[in-house]
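Structure first, commentary second.
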Amino acid sequence: MKVMGIDPGLNITGYACVECGGGSEAPRLLEAGVIRMPKTTNLPVRLGHLFEELESLLGEFSPGRLVVESIFSHKRFQGSGLLMGHARGVILLAAQRRGVPTGELAPAEVKKALTGNGRATKDQMQQAVMSQCGLSEVPSPPDVADAIAIALGAAHRGHFETMDLD
């Protein structure tokens with residue numbers, strides 16, 4: 001099964017697609033990258049661009065599951081959580097329109113799945129992703145590493161139940 005991991009954002013959204021084999025076979029990274037939204041445009045234009053790019057990626061990879069990072073909002077930066085919610089809504093809509101079941105993982109769950117430590121640093125996560133995927137360098141920008149980590153975290157944890165947001 002192919003699992004697509006998404007690190008949502010309104011400026012940069014990271015994506016990664018991994019293929020999960022049966023049994024003890026480690027997930028294999030198929031592709032990872034970012035979708036960059038034009039910073040000089042308004043929110044509806046950015047969201048439209050994100051939707052179109054995600055639809056294209058979903059069509060190209062035909063994942064069996066899409067896993068998105070759950071919203072994390074610090075009380076000092078509550079607005080960023082609200083803005084990320086817009087991007088998540090578009091991501092979930094694109095997956096639903098393509099019939100791709102969705103799930104979510106909290107940042108701490110992703111960190112624990114990859115490093116064994118739910119409080120791992122960004123650097124530790126990037127190193128873990130590089131090591132587990134056999135990459136010659138740390139994925140950049142960090143949004144790519146985060147998306148790969150989300151996809152791998154879902155694969156490692158067998159986190160394939162459908163998202164229930166009721």
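Screening segment 132-166 for residues that are of a type in the set (S, T, N, Q) and over 16 Å from A16 (Cα atoms) and picking the one that is modelled with the highest pLDDT gives S136.
Taking segment 93-110 as the search range and keeping residues that are part of a helix (DSSP H, G or I), modelled with pLDDT of 95 or more and out of contact with any Ser or Thr (no Cβ under 6 Å at 6 or more places or on another chain), which one is surrounded by the most Cβ atoms within 10 Å (Cβ to Cβ)? Result: A94.
Name the residues in segment 55-72 that are open to solvent by less than 10 Å² (accessible area, probe 1.4 Å) and in contact with a Ser or Thr (Cβ under 8 Å, 6 or more places away or on another chain), would you? Residues satisfying the conditions are L66, V67, V68. Against the conditions (1) open to solvent by 40 Å² or more (accessible area, probe 1.4 Å); (2) farther than 22 Å from S131 by Cα; (3) not polar (S, T, N, Q), A26 satisfies every one except (2). The residues of segment 123-134 that are out of contact with any helix residue (DSSP H, G or I) (no Cβ under 6 Å at 6 or more places or on another chain) and without any contact (Cβ under 8 Å) to a residue 60 or more places away in the chain, listed by number, are D123, Q127, M130, S131, G134.
The values are calculated or read from the model by the stated rules, or taken from the named source; none is laboratory data. Only a predicted model underlies this, so the values are computations on that prediction, with no experimental measurement involved. Cβ sites come from the backbone with ideal geometry, for glycine too, and all protein chains shown count toward neighbours. Note: areas computed on protein heavy atoms with side chains; ligands, DNA, RNA excluded. Shrake-Rupley method; radii C 1.70, N 1.55, O 1.52, S 1.80 Å.
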